[in-house]
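Okay, so here's the structure we're looking at.
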C-alpha cells in the first residue's frame, strides 16, 4: 500500500510539472525572431566599428554630434551594462574592424566628415586594441588608403575589400576594387584578386571560410549584389542578390550553435528611404535563399551589429541628417530557430525521466506486494 501511495504521489507531482513545463515551451518558441530594447550606448553616434571579444561588445570611433570620435565603449550583454575604455589613438569613422586572437584590428577610415573631396582625408592606418590590457598599438598601414570598406577573418588572415579613396559627387569618385590581405602574425600585406564590382558602405560576413560582400553603393545607386570571395582559390563568384539593396546596414552572422547559420542584414538606407529603414533581411547560404525577419523597432542607417552566442545586438546609427539625429539605441534580436541555453526540449526530457522513474517505482511496489502475498 505504501508503494502504491508513493507512486500515486509521484504521478501527481509529474502532472503538476507538465502543467508548468508546456507553457514554458511555447514561450521559448515565441521568442524566436523577436526584438528587445536594451541599455543604450553612452555615446550616441554612427559610422563606428563594432567587435566582440570574450562575449563583450566594443563600440569604437565613429561620428557624433561633436564630430569624429575615438570613443571606445564596452558593452556586457550578460549584465546589460556599459563601461568606458581607452579611446582609439586616431579618431575616425567609416573604418573596417575585425577580431583576431582576441585583439581588435581597425583599418583605414576617414578623419574629417566634411572633406569628402580631400584624398588625404582617407586613411590607411592600422591600429590594434587589446581588451585584456586596455591598450592600443600601431601596425603596418594598409597599402591603399580608403574608407567605407569591410574586413573579415578567414584562416588567420584579415581580408579587406571595397571602399572609396576620393569622393566629390558624381562623377568625381574613386571606388576601390583592390582586395588586400593582412597577416597579423607577420604584420604584412599581400594583394589578391580584385572584387569584380567595387562597392562601398556594403555589408560583409564569413560563412564556411567564404566571404560574402552584400549590397552597398556604387555611388550612383544602392546595389543588390551578393559577391562571394573564396580565399582558397582566390576567385570571386555571385550568389543570389539581396531582396532590398541597402548601404550603411548592420551585418552579423550566426554560427549554427544556438541558431541556424545565417547572415543578417539589418537596417541601412535605400534611394527611396535615405534616412534609414528597419528591414531584417536573412540569407541562408546553404540554400542560397533570402527571407525577411521581424523588422527592427527603430529604423536607422549607419548602425553596427554584433553577434554574441547567436544573439544579435544592433547599436547606434542615425535616422536623419541633423546633429540631434545620432542614436544610442541598443536593440537585441533573437534569430529565427534560436535554441536558448536552457533548451526548449529540457521540460520534455524531465518528463521522460520522471515517467521512467514512476514506472520503476511502481514496478518495484507491485513486486513487493506480490512477494508479500506469496
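Values in this text are rule-based calculations from the coordinates and carry no lab data. Note that this is a predicted model, so its numbers are computed, not measured. All Cβ positions, glycine included, derive from the backbone under ideal geometry; neighbour counts span all protein chains shown.
Hey, could you pull the Cα Rg and Dmax for region 193-341, both in Å?
14.9, 47
When ranked by the protection proxy of mean other Cβ atoms within 10 Å per residue, highest first, what sequence do the peptides 281-290, 56-65 form? It would help to have the intermediate numbers written out before the result.
On the way: 281-290: 16.4, 56-65: 22.6.
Going by the mean number of other Cβ atoms within 10 Å, highest first, we get 56-65, 281-290.
Over what distance in Å are the Cα centres of region 222-293 and region 31-77 separated?
Each part's Cα centre sits 21 Å from the other's.
Subtract the Cα-Cα distance of residue 271 and residue 78 from 0.36 nm times their separation in residues, and report this length gain in nm to one decimal. Spell out each step's value before the answer.
On the way: separation 193, 0.36 × 193 = 69.48 nm, distance 3.75 nm.
Between residue 271 and residue 78, full extension yields an extra 65.7 nm.
Each label point is 7 Å from the Cα along the Cα-to-Cβ direction; what then is the distance between the points at residue 193 and residue 235, in nm?
Taking the simple label geometry, residue 193 and residue 235 are separated by 0.6 nm.
Under 8 Å for C-alpha pairs, at least 6 residues apart: give me the relative contact order for region 32-334, rounded to a whole percent.
Numbers: 914 pairs, mean separation 46.8, N = 303.
Over region 32-334, the number comes to 15 percent.
Test of understanding: what is the full-extension gain from residue 132 to residue 292, defined as 0.36 nm times their sequence separation minus their Cα-Cα distance? Show your work: numbers first, answer last.
Details: separation 160, 0.36 × 160 = 57.60 nm, distance 3.79 nm.
Going from the current span to full extension adds 53.8 nm.
Simple spin-label model, 7 Å along Cα-to-Cβ: residue 218 to residue 139 in nm?
For residue 218 paired with residue 139, the spin-label model returns 3.2 nm.
Can you tell me how region 32-334 classifies by the Cα gyration tensor, rounded, prolate or oblate, using a/c under 1.5 as the rounded cut? Working shown, then result.
Values: a/c = 1.12, a/b = 1.04, b/c = 1.08.
Rounded shape, in that the Cα axes give a/c under 1.5.
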